[in-house]
């Protein structure tokens, strides 16, 4: 089975192949130019910004596998009592 390419690499390749500048992409996507330039230099990009880049480039981000479900929250009676912030305990 072929190993899939990381999302960031796919986006970087598409930007470079399209000949897009960071400034032009920024104008079209509202992602700050500095973030795009840093991304093109190898830094990570927030998923929301990567999604905007993918939309602009005509790519679709999809989840590769299902994420595990979080365990249920404990009932309120099972939770330990919390002190209010800023309140001191009474002196003994």
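Residue by residue, here is whether (1) assigned to a loop (DSSP other than H, G, I, E, B); (2) surrounded by 15 or more Cβ atoms within 10 Å (Cβ to Cβ) holds:
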position	(1), (2)
16	no, no
34	no, no
37	no, yes
64	yes, no
68	yes, no
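Within the stretch 46-58, the residues that satisfy the criterion of being surrounded by 15 or more Cβ atoms within 10 Å (Cβ to Cβ) and either closer than 13 Å to residue 10 by Cα or at pLDDT below 90 (or both) are 50, 51, 53, 54, 57. Residue check: residue 65 meets all listed conditions (1) in contact with a helix residue (DSSP H, G or I) (Cβ under 8 Å, 6 or more places away or on another chain); (2) closer than 24 Å to residue 4 by Cα but one, namely (1). Of all residues in the stretch 39-54, which are out of contact with any helix residue (DSSP H, G or I) (no Cβ under 8 Å at 6 or more places or on another chain) and not in a loop (DSSP other than H, G, I, E, B)? Matches in the stretch 39-54: 47, 48, 51. Of all residues in the stretch 1-31, those that are more than 27 Å from residue 65 (Cα to Cα) and out of contact with any helix residue (DSSP H, G or I) (no Cβ under 6 Å at 6 or more places or on another chain) total 9.
The values are calculated or read from the model by the stated rules, or taken from the named source; none is laboratory data. Here the structure is a predicted model, which means the values were calculated and not measured. So basically every Cβ, Gly included, is an ideal-geometry build from the backbone, and we count neighbours across all protein chains shown.
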